[in-house]
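Below you'll find the structure, written out as structure tokens, and then a few comments.
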Amino acid sequence: MGFRSFLHRITAPAPSGERPNGPCKMVCIVNQGLKMGKGKIAAQVGHGAVMATMKVGAEKPMYLEQWLATGQKKVCLKGRDADHLLALEKQAKAVGISTTIIRDAGHTQIPSGSLTVLALGPDTDLELEQITGELKLL
């Protein structure tokens, strides 16, 4: 940990807000309709994980703290296509789960603006299972 990080850690106010009930995880759902290569998938999931972490840190800091304290569990699942990911996003938003959509810049394998990944959470395992429990592991 760098000196600035250390100073921030000891001087920043404690996180506040709703405390999650149980362990938390992050779920990244990959658009299988795009036929992305393994490296492209890894990069897009990385974008999703970083953006979701920053978003939940700003919106639900206690969920971020719980997720960090319990090992930062991440799961990658298969989504059929962009419409499927958007339907899952709608379900997640309806129950208050933080959602992050990743769209590609179009510099390599796929067209610009293609929906590549839907990141959900971090949120409780129970909440996420209700939405993603039927999906297969990537």
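Among the listed residues Lys55, Lys38, Lys78, Lys90, which satisfies the condition of being under 12 Å from the mean Cα position of the chain (by Cα) and among the basic types (Lys, Arg)?
Lys55
When you scan region 71-81, do you find a residue that is among the acidic types (Asp, Glu) and at pLDDT 95 or above, even just one?
Yes, the conditions are met somewhere in region 71-81.
Step by step: first the residues of region 4-20, then only those that are surrounded by 10 or more Cβ atoms within 10 Å (Cβ to Cβ) and of a type outside the set (Gly, Ala, Ser), then the one that is modelled with the highest pLDDT. Which residue is that?
Residue satisfying both the conditions and the ranking: Pro20.
Answer with yes or no whether Pro122 is closer than 24 Å to Lys40 by Cα and either of a type outside the set (Lys, Arg) or touching a helix residue (DSSP H, G or I) at 6+ places or on another chain (Cβ under 7 Å) (or both).
Taking the combined requirement at face value, the residue satisfies it.
Mind listing whichever residues of region 112-128 are free of Cβ contacts under 8 Å to residues at least 12 places away in the same chain and either within 14 Å of the chain's Cα centre (by Cα) or within 16 Å of Val30 (Cα to Cα) (or both)?
Gly113 - this is the single residue of region 112-128 that is free of Cβ contacts under 8 Å to residues at least 12 places away in the same chain and either within 14 Å of the chain's Cα centre (by Cα) or within 16 Å of Val30 (Cα to Cα) (or both).
Do you know which residues across region 58-107 are surrounded by fewer than 14 Cβ atoms within 10 Å (Cβ to Cβ) and either more than 26 Å from Leu34 (Cα to Cα) or β-branched (Val, Ile, Thr) (or both)?
The answer is Ala58, Glu59, Leu68, Ala69, Gly71, Ala94, Val95, Gly96.
The values are calculated or read from the model by the stated rules, or taken from the named source; none is laboratory data. From a predicted model like this one, the values you see are computed outputs, not experimental measurements. A quick note on method: Cβ atoms are made from the backbone with ideal geometry, for glycine too, and the neighbour counts reach across all protein chains shown.
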